[in-house]
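**Q** What follows is a single structure, and I will ask about it in a moment.
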Amino acid sequence: MLKLSNQKFSEVQVGTTVRVPIPDVDRGRGSPRNVVAVVSDVEDGLYKLCITHGVLKHKFTRSEFNPCMGKFILLENLSFKT
């Protein structure tokens, strides 16, 4: 099972822009379906994600987000400590 997951979801490097889906129960009808974040740290297969307003609370597994083709947020432009 772990081998299959590793084949399906490749590793993501620090600085990569990713898209994190927001569950339907946590958002309003007109709210966005995704949050754009950037990978700031990788630790034991868990990813620490940052947005322009701060760091997301928990660490994410690779299957919980999708990498973006473009760089929408640069890690160097974030002004807070990760």
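The values are calculated or read from the model by the stated rules, or taken from the named source; none is laboratory data. Predicted model only: the values in this text are computed from it and were never measured. In this analysis, Cβ positions are derived from the backbone assuming ideal geometry, glycine residues included, and neighbour counts consider all displayed protein chains.
**Q** Do you know which residues across segment 1-16 are closer than 19 Å to residue 41 by Cα, surrounded by 10 or more Cβ atoms within 10 Å (Cβ to Cβ) and either at pLDDT below 90 or basic (Lys, Arg) (or both)? Quick ask: steps written out before the conclusion?
**A** Of all residues in segment 1-16, those closer than 19 Å to residue 41 by Cα come to 6, 9-16.
Applying the additional criterion that residues be surrounded by 10 or more Cβ atoms within 10 Å (Cβ to Cβ) yields 6, 9, 11-12, 14-16.
Within segment 1-16, 6, 9, 11 qualify.
**Q** Mind listing just one residue for me: the one in segment 13-31 that is outside any strand (DSSP E or B) and of a type in the set (Ser, Thr, Tyr) and, of those, farthest from residue 74 (Cα to Cα)?
**A** We begin by selecting, within segment 13-31, every residue outside any strand (DSSP E or B); these are 13-16, 22-31.
Narrowing further to those that are of a type in the set (Ser, Thr, Tyr): 16, 31.
Numbers: 16: 8, 31: 24 Å.
Across segment 13-31, the extreme among qualifying residues is 31.
Condition check ((1) under 15 Å from residue 10 (Cα atoms); (2) surrounded by 13 or more Cβ atoms within 10 Å (Cβ to Cβ); (3) under 9 Å from the mean Cα position of the chain (by Cα)) across all residues:
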residue: 41; (1), (2), (3): no, yes, no
residue: 49; (1), (2), (3): no, yes, yes
residue: 53; (1), (2), (3): no, no, no
residue: 57; (1), (2), (3): no, no, no
residue: 62; (1), (2), (3): yes, yes, yes
residue: 65; (1), (2), (3): yes, yes, yes
residue: 70; (1), (2), (3): no, no, no
residue: 76; (1), (2), (3): no, no, no
residue: 79; (1), (2), (3): no, no, no
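**Q** Which pairs do you get when a residue that is under 24 Å from residue 71 (Cα atoms), found in segment 4-33, comes within reach of a residue that is surrounded by fewer than 10 Cβ atoms within 10 Å (Cβ to Cβ) and of a type in the set (Ser, Thr, Tyr), reach meaning Cβ atoms under 6 angstrom, with the pair 6+ apart or on two chains?
**A** Short answer, once both residue conditions are applied: 9/63.
**Q** So, one more: With 19, 33, 29 as the choices, which residue is basic (Lys, Arg), loosely packed, with under 14 Cβ neighbours inside 10 Å and touching a strand residue (DSSP E or B) at 6+ places or on another chain (Cβ under 7 Å)?
**A** Working: 19 fails: loosely packed, with under 14 Cβ neighbours inside 10 Å; 29 fails: touching a strand residue (DSSP E or B) at 6+ places or on another chain (Cβ under 7 Å).
Only one candidate qualifies: 33.
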